[in-house]
Amino acid sequence: MVALTDVSPRRDTTVQHFPPTLLEATPAERIAYFKGYTVAHPRLVEADTRLASVLAEPAGAALVLVYGPTGVGKTTLLSRTQRRITEDLLPALATDPGRLPIVGVEAIAPDARVFNWKDYYLRALVALDEPLIAHKRPPERRDGRDTAAPALRYALEQALGQRRPVAFLIDEAQHLAKAGSGRRLQDQLDCLKSLANVTGVIHVLFGTYDLLAFRNLSGQLGRRCTEIHLSRYRPQRAGDVLAFQRVLRTFQRHLPLPEEPDLLKEWEYCYERSIGCVGMLKDWLTRCLVAAIREGAPTLTRAHLETHAYAATQALAMVTEASRGEAELDGEENGARERLRALLGESTPTRARPPTGRKGPRVVGRRSPGRDPVGEEADATPA
């Protein structure tokens, strides 16, 4: 592990960084405060800034893929995006009450291997406050085929056009990848892309590294997709250890307990069992807080951390999955760049080579190339 960097000259346990009245509030209120508290750490701020920029000007993008390891903070980023856009549109909503600023839905894991689009359309219509969903009847077909899904899709297109949200957010979007072949994967993403194109509403997919399966399905999809990688903190990167320690220090200051715990001295253990993911760290500390409040303990201790930590086998499975996704990203980028340059080089027209000086066939009436004499020597040459 990297050596601990001192991020706080002195821990002052007398200063409270949360409302003092919380210490006399109910356990549920104290827990709710900490659960609702978020840290604007560098990885989150970077992803939030980039997503805000894309939503302000998509520049041709119809889909945004936001991916990262489980527990890294993707849901927090989704919530921040919803809150910011809603606040930004409050003046417009006052004069246009029929508009929704932003809409979100969770992609439910299918019971079978194929994603259930009919269920997805229904949930999206509910999120859009669409009335009379149960009464939307598809036109009858003579071949007996079920037309419920196309009818619901058309209703969703109309609802998005009328509600005009800035974006449509899909949480747990990796469930969309439940398909049997590469062609079906492309069909899944083509469906969302066409929805975005028809309605003019950009779709943002939040998910794990399983979303990487969507990245390079076709050139057209690649052109219309923007990617945002919300990564965990990794000791190999400069500044990541210090950033993680600062996040840990901020969390310890906002635990509504009589005494501020000293979690910084346990930062290596905290990093090990959270694998550098802030969301996992916060969930873990929330469990510890619940236990401390129920026990009437004045602060969190190492015993609380060990009792409620993710098991080593769980952390190992999660870091293995995260490392696999990170390696795929790094390897693809390095290998793709070399292949790209090679292909561009092969397709670039070859430049004309300069003359080599070799004499070609003599042409009658044309002087052979040579240098004419100049200067005094030329003047002295007899006629």
Original post:
When the range 222-239 is examined, which residues are found to be within 19 Å of residue 169 (Cβ to Cβ) and in contact with a Lys or Arg (Cβ under 8 Å, 6 or more places away or on another chain)?
Top reply: 224, 225, 227, 228, 230
Subject >> Selected residue (criterion: least open to solvent (accessible area, probe 1.4 Å)) from residues of the range 250-265 that are in a helix (DSSP H, G or I) and over 18 Å from residue 232 (Cβ atoms) >> reply: 252
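Hey, among 286, 307, 313, which residue is without any contact (Cβ under 8 Å) to a residue 24 or more places away in the chain and under 23 Å from residue 233 (Cα atoms)? Quick ask: steps written out before the conclusion?
Working: 286 fails: without any contact (Cβ under 8 Å) to a residue 24 or more places away in the chain; 307 fails: under 23 Å from residue 233 (Cα atoms).
Just one listed residue meets the conditions, 313.
Search the range 22-54 for residues being small (Gly, Ala, Ser) and surrounded by fewer than 17 Cβ atoms within 10 Å (Cβ to Cβ), and hand back the single one that is farthest from residue 289 (Cα to Cα). If you could, list the steps in order and put the result at the bottom.
First, the residues of the range 22-54 that are small (Gly, Ala, Ser): 25, 28, 32, 36, 40, 47, 52-53.
Okay, now just the ones that are also surrounded by fewer than 17 Cβ atoms within 10 Å (Cβ to Cβ), so 25, 28, 32, 36, 40, 52-53.
Numbers: 25: 14, 28: 11, 32: 11, 36: 13, 40: 21, 52: 33, 53: 36 Å.
Only one residue fits best here, namely 53.
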Original post:
residue 184: out of contact with any Leu (no Cβ under 7 Å at 6 or more places or on another chain) and open to solvent by less than 50 Å² (accessible area, probe 1.4 Å), yes or no?
Top reply: no
Subject >> Residue list for the range 113-125, filter: out of contact with any Gly (no Cβ under 8 Å at 6 or more places or on another chain) and either of a type in the set (Phe, Trp, Tyr) or touching a residue at least 24 places away in the same chain (Cβ under 8 Å) (or both) >> reply: 115, 117, 118, 120, 121, 122, 124, 125
**OP:** Quick one: which residue in 185, 192 is modelled with pLDDT of 85 or more and not acidic (Asp, Glu)?
**Re:** 192
Original post:
In the range 206-223, how many are of a type in the set (D, E, K, R) and crowded, with 16+ Cβ neighbours inside 10 Å?
Top reply: 2
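If we keep just the residues of the range 55-86 that are of a type in the set (Gly, Ala, Ser) and in contact with a helix residue (DSSP H, G or I) (Cβ under 9 Å, 6 or more places away or on another chain), which is surrounded by the fewest Cβ atoms within 10 Å (Cβ to Cβ)?
As a first pass, look at the range 55-86 and keep what is of a type in the set (Gly, Ala, Ser): 56, 59-62, 68, 71, 73, 79.
With in contact with a helix residue (DSSP H, G or I) (Cβ under 9 Å, 6 or more places away or on another chain) added as a condition, the list becomes 60-62, 68, 71, 73.
Details: 60: 8, 61: 18, 62: 22, 68: 26, 71: 23, 73: 26.
Top of the filtered list is 60.
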Subject >> Residues (of a type in the set (D, E, K, R) and surrounded by 13 or more Cβ atoms within 10 Å (Cβ to Cβ)) located in the range 87-108 >> reply: 88, 99, 106
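The values are calculated or read from the model by the stated rules, or taken from the named source; none is laboratory data. Everything quoted here is computed from the prediction, not taken from an experiment. Note that we place each Cβ from the backbone using ideal geometry, even for glycine, and neighbour counts take in every protein chain shown. What goes into the accessible areas is simple: the full protein's heavy atoms, side chains included, and nothing from ligands, DNA or RNA. Shrake-Rupley method; radii C 1.70, N 1.55, O 1.52, S 1.80 Å.
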